[in-house]
Amino acid sequence: MEDESNEEMMKEMAAKRVWDCLMKFQELDCINMLREDVPMMLREFMGRVGDAHRKLQEKLAKAHHEQMMKKMARVRDILTELQERLEMAHCKLEYADYKMMIVPYGATNTWFTNLKGVSDDLKDISDELFQYMDAMETMFSKVHWYSSFIYVYQDLCLPLQISSQIRTLGTIHSRLEEILKQELNLGLNLFDLDTTVEHDTLVGGIEKDAENLVEMLTVTHSSKGIYFHGIVGERGIGKTTLAKIIFNHKKIKDKFHSLPPIWVDVHTNSTSFTIMKSIIDKFGGDSTSTNNWPDLKIILNDLIRDKEIFVVLNDVNDSEVLEEMSNLIFRYLDYITNNILVTTRYESVITHEGIYKHNLLLLSEEDGWALMCKLLFNDGEMGNMQHFEQIGKKMVNKCHGLPLSIKTIARILNTKEKNRSEWEKVLENIIVSLKPSNKTLPKPVYLLPYENLSPYIKQCLIFCAFFPEDYIFDKNILIQQWVVAGLVKKPSMSTEDWKEEMQLSEEVANDYYVELLESNILQPAAKCLYYDDKAMCRMHGSMSSFGQHLVHNYGYFQGDVKALEEAATSPSSSSIQKLHHLVIKNHAPLNEFPKIVKKQTSVRTLVFTSKLEITKLPKDVFQKLKLLRILDISGSDCRVLPKSLFKLVHLRHLNLSCLPIKTLPDVIGNLINLQHLILRYCGSLLDLPESIARLQKLRSIDLHQTPLMGMPIGISKLSQLTSLIGFVASDSELYCRWEEIHRLKELRTINIVNLEVVDVPYSVIYPVHIHLTDVTLSCQGEGQPYQEGEKEKMQKCFEVLSPWCKFIQHIKFNGYFGPEFPRWILDLPFDKLKKLDLLKCKYCKKLPPLYQFPLLEHLRVEDAWSIKHIKLDIGLWSNFPRLRSLILKDMPEWEEWTWEPSRQSHSVMPVLESLEIINCPKLKSLPQGLAYHAKSLATLTIYKAHSLEKVEGFTSVKIAMFFSNYNLSIISGFPTICNFEIDDCPKLDVTLLPQTSPTDAC
């Protein structure tokens, strides 16, 4: 038994040992398995944890992003509210100007300047807000979730920046409130002056003028038609007053009793269409039923059929409007008598043949003093009148006989006590208008008084005044700078269905430019574009000196580096610390960037008129100039642009012309607010970076005479471009294809070069460019002979470049070597074309039919080697009524110019002012009709016309120049006052010329 039990025990122990061994093997196997599975399990576990963490982080990021965007939206809302209040303040200021609410001593300028300062600060915040939002969107879409940078930026940097913006907006809000409170203190409601003069205060001969005009307007005409009468004179001289006397005259009421006379005020933005509607409404019709021209004409015809009408068009200052009114409206009403009285500031508005012009004269000293007395003294104050006569006449003389200026001074004096000390204070502070500046003109030309300019134009004038006195402005650059500096009123948006063009801010600024030229405040500086002598200008000397006085307290500084340093260290340097506009003019070139300039942290405009002889600017040169909007370092020796330049987020206008740079860095794409990029005459620049396509606010690129190989791919994405000068045509895949131009739908100006290298596209290039006004098409390869196949290819190429647009005003061909001009210049209705340049079109044998361009003002034909005969087709509708300048140059085969003299009632070229015939050796004679009809011709130039024998009958010419005309023997029929300049005309006897001095004819 014991043996059996021992045996059993032994078996159990053995089994246990076996089991233990099996357990040990199993444990070892599990461990090995765990060694293989644990990493995989850990990875799976961490992956799930990571997914959960990532989702959580994404939710947090989105929530934080939304929170930041809400904060930025709050900033944007505050910004919008302040901008709206600012707009209301500007509107009030404009209304004050429109109603002539005169504020003494230039207080409106201070108010306007303060408002502009607030506006600039708001724009700065707007730029920064756009930058923050762009950065947020970029980071949120591109930065990985595990990057700590996005959280540091969102949690720390951005909230601080936005909080700073909100605090700044609070400060600006307080400033704006203070400025708006000044309204009552400034007395904007003190004077509500109408520009007309009350009837009981009339002086001088205005009543006699009214009687004479009434007699003329009430004459019964033998034939029906249009009868225009014009009243011309400066603003404030009494045009509207005279027109109202006529309009309300009993004889006028009696004469036009069947259909009462109507009065239409023509505003700056008025068009012939809006005037037409106004006329219909004033005659009792309904113009709201249609926006179609033919329908409106029918409505007007029905209203005035078989009736004699009298219409006053008040303050017409656009000659095109009057031209269209005549051609599109009144011409179709010739079965009735149309009596139209027009008031205008400019004689150029009234160019119709047979129109009666009445020029209002300025008041004499006695009449001016009589007007002031009527406004200031009662009938029983004769003693007072005599007591103040001397000082009063001094004021009148400062007003130069302008009734509105005299009336303004009188209203100011009415607020003062009648004592000499008060009057002397007013006399000292009267802003002096300028005397006539051009005594050679047939009548004096007076500048508009400074106080009669609108607040916006005044600020544009002040902007010009802070440049050196002899500084020459480029029209296009100046206009762009005005807009960028915030000096231009936002254009009004037209909702009329018929109007396809939208006015740009640059077009509004162009109106300012024209007004300053018409006022003689700006003067043409150079005839750089042969007929466009207004493309370069300078300030009138006296006005520049006056303007320098105005800019003193408006954050402007102009001078050399030494003067700036002295001003900064002077006791009254507080104004220097707030400089907004800085022009550096050194007597010698600068060989280092001025340190004092780098410290001007508030500067928004920086222009160097002196050359920077620095090949490499310091990297940090613009680091502190963060508010710069306008930067001009053109003409410097800089070969490498500093990185700090491309961090100027507020920069809008950049002029790098004439720099020896070979490339632009890719970081130029960081200038997200840049609107104008000027790269003229950069002779070493061959390419532009593709990053330029990121400049989505870019409005103009000027590459004139910069030899690029092609345009960067993506430039067609710049949807806001309105001007592209120097687009290099290319068929290379490395550059933007020229067909891409059709995507730039806002273009107004396009200049394409190198057209000879491209293949003919299959479709027209600009079918959608409804806003185009200026087109230049150029080929290179001057003097290169071309085969017939190449000529035909070029003609086909130009055929597809048809700029179909009814607003085209300027077309220029340069280097075109096709055998004929493209058909579209013959067929398309360019009825607004003003300028036509046909340069180096050597293989075209005849000119296009010029009679198709009724508004053509300037024509230039140059290097036309194949033209032998020019024949002007003159007819009733093709009399070149607006042509002012005609240049015919370098035409070696031109022999005949035929134009039969016409004695028809309509004149031909009635306003032609300048004629130049240069290097046309085979031309035999001038057409007789030219001398007979061109009664406004003032300047005649004939050079190297070796076959020309005589020039006769030009009775209106004042300056005649004859150079190197070998067979010219007779000059006759010129006025005795003509100034002759003659040289190298061997057959001409200069002693036979009328009153010619030896110095003039030699």
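Please rank Glu862, Glu506, fewest neighbouring Cβ atoms within 10 Å first, as an exposure proxy. Don't jump to the answer; show the numbers that get you there.
On the way: Glu862 18, Glu506 21.
In increasing order of surrounding Cβ atoms, one gets Glu862, Glu506.
Would you list Tyr471, Tyr456 from fewest to most Cβ contacts within 10 Å? Don't skip to the answer; put the middle values down first.
Details: Tyr471 18, Tyr456 22.
Sorted ascending by nearby Cβ count, the order is Tyr471, Tyr456.
By counting other Cβ atoms within 10 Å of each Cβ, how are Thr722, Thr939 ranked from fewest to most?
Starting with the residue having the fewest Cβ neighbours, the order is Thr939, Thr722.
Can you compute 3J(HN,Hα) from phi for each residue in region 788-804, using the Karplus curve 6.51 cos²θ - 1.76 cosθ + 1.60 with θ = phi - 60°, rounded to whole Hz and x for Gly and Pro?
4, x, 5, 5, 5, 4, 5, 5, 5, 4, 5, 4, 7, 8, 4, x, 5
Given H placed 1.01 Å from N in the peptide plane, which residues other than close sequence neighbours of Lys662 have an amide H under 5 Å from its amide H?
none
At R0 = 51 Å, how high is the FRET efficiency between Glu518 and Glu66 if r is their beta carbon distance? Nearest 0.05 is fine.
Numbers: r = 55 Å, r/R0 = 1.08.
Step by step, r from the Cβ atoms, then E = 0.40.
What is region 723-763 by shape, rounded, prolate or oblate, if you read a ≥ b ≥ c off the alpha carbon gyration tensor as root eigenvalues and call it rounded for a/c under 1.5, prolate for a/b larger than b/c, and oblate otherwise? Write out the running numbers ahead of the final one.
Values: a/c = 1.79, a/b = 1.46, b/c = 1.22.
Prolate, since a/c reaches 1.5 and a/b exceeds b/c.
Taking amide hydrogens as modeled 1.01 Å from N in the peptide plane, which residues meet the under 5 Å criterion relative to Asn979, leaving out close sequence neighbours?
Ile959, Ala960
Is there a quick way to get the dipole size of region 595-645? I mean about its Cα centre, with the Cβ of Lys and Arg at +1 and of Asp and Glu at -1; what is the value in debye to the nearest 20? Working shown, then result.
Details: 12 positive and 4 negative charges, 56 e Å.
Result for region 595-645 is approximately 280 debye, rounded to the nearest 20.
Starting from the amide H of Val649, placed 1.01 Å from N in the peptide plane, find each other amide H under 5 Å away whose residue is 5 or more places distant or on another chain.
When sequence neighbours closer than 5 places are left aside, there are no close amide H contacts.
Computed FRET efficiency, Cβ-Cβ of His704 and Gln928, R0 30 Å: what is it to the nearest 0.05? Working shown, then result.
Details: r = 42 Å, r/R0 = 1.39.
Calculated value: 0.10.
Ranked from highest to lowest mean number of other Cβ atoms within 10 Å per residue, what is the order of the peptides 209-218, 368-377? Spell out each step's value before the answer.
Details: 209-218: 16.7, 368-377: 20.6.
Packing proxy ranking, top to bottom: 368-377, 209-218.
If I take R0 = 51 Å and measure r between the Cβ atoms of Lys599 and His946 in this structure, what FRET efficiency does the formula 1/(1 + (r/R0)^6) give, to the nearest 0.05?
0.20
With a sphere of radius 12 Å drawn around the Cβ of Ser956, what net charge do the other residues whose Cβ falls strictly inside it have (Lys, Arg +1; Asp, Glu -1)?
Every neighbour counted, the sum reads +1.
Residue-wise, which Karplus ³J(HN,Hα) couplings in Hz belong to region 642-656, taking 6.51 cos²θ - 1.76 cosθ + 1.60, θ = phi - 60°, and x for glycine or proline?
x, 5, 5, 4, 8, 10, 7, 5, 8, 4, 10, 9, 10, 10, 10
We did not get these values from a lab; they are worked out from the coordinates using the rules stated. Values in this document were obtained by computation on a predicted structure and should not be read as measured data. Neighbour counts are summed over all protein chains in view; Cβ atoms, including those assigned to glycine, are modelled from backbone coordinates with ideal geometry.
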